[in-house]
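Beneath this line is the structure, given in structure tokens, with notes to follow.
The values are calculated or read from the model by the stated rules, or taken from the named source; none is laboratory data. These figures come from a predicted structure and were not determined experimentally. Cβ coordinates were reconstructed from backbone atoms using ideal geometry, including for glycine residues, and neighbour counts include every protein chain displayed.
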Amino acid sequence: MRGEMLSHEDVLEVLSIDLVGLVPMDEKVLISSNTGTPLVLQSDSKAGAAFRQIARRLDGEEDLPIEMPVYKTSMWHKISKTFGLKQ
């Protein structure tokens with residue numbers, strides 16, 4: 001469907017690569033880029049924590065779980081998607 005993002009499973013299938021991690025959407029990314037503060041140094045950033053976890057995995061640390069980001073969808077989003085309304 002137009003405007004929909006591929007799932008991580010779709011990306012893995014298309015690219016035939018191993019998954020090293022998933023980075024959730026995080027408003028701290030924009031704040032970090034605007035202030036010049038590295039995202040991975042922000043302890044309250046979910047995306048920063050995901051990048052730190054990926055770095056540990058790439059550094060050889062094993063048995064680190066890959067957490068699936070969970071996004072809350074509003075009732076309006078569900079209704080508009082059902083009726084094909086633009087977001």
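When the test is whether a residue is among the hydrophobic types (A, V, I, L, M, F, W, C), part of a helix (DSSP H, G or I) and either at pLDDT below 90 or loosely packed, with under 10 Cβ neighbours inside 10 Å (or both), V14 passes it. Of all residues in region 17-64, those satisfying the criterion of being part of a loop (DSSP other than H, G, I, E, B) and among the charged types (D, E, K, R) are D18, D26, E27, D44, D59, E61, E62, D63. Residues in region 21-53 that are within 15 Å of P65 (Cβ to Cβ) and within 12 Å of the chain's Cα centre (by Cα) were compared, and the one that is surrounded by the fewest Cβ atoms within 10 Å (Cβ to Cβ) is L22. Give region 1-11 a look and list any residue that's acidic (D, E) and in a loop (DSSP other than H, G, I, E, B), or say none. Passing the criteria: only E4.
Residue pairs whose Cβ atoms lie under 6 Å apart, separated by 6 or more positions or on different chains, with the first residue in region 34-63 and closer than 21 Å to D18 by Cβ and at pLDDT 95 or above and the second among the hydroxyl-bearing types (S, T, Y) and surrounded by 13 or more Cβ atoms within 10 Å (Cβ to Cβ), do not occur. Within region 1-33, the set of residues being out of contact with any His (no Cβ under 9 Å at 6 or more places or on another chain) and either small (G, A, S) or touching a residue at least 24 places away in the same chain (Cβ under 8 Å) (or both) comprises G3, S7, S16, V20, G21, V23, P24, M25, S32, S33.
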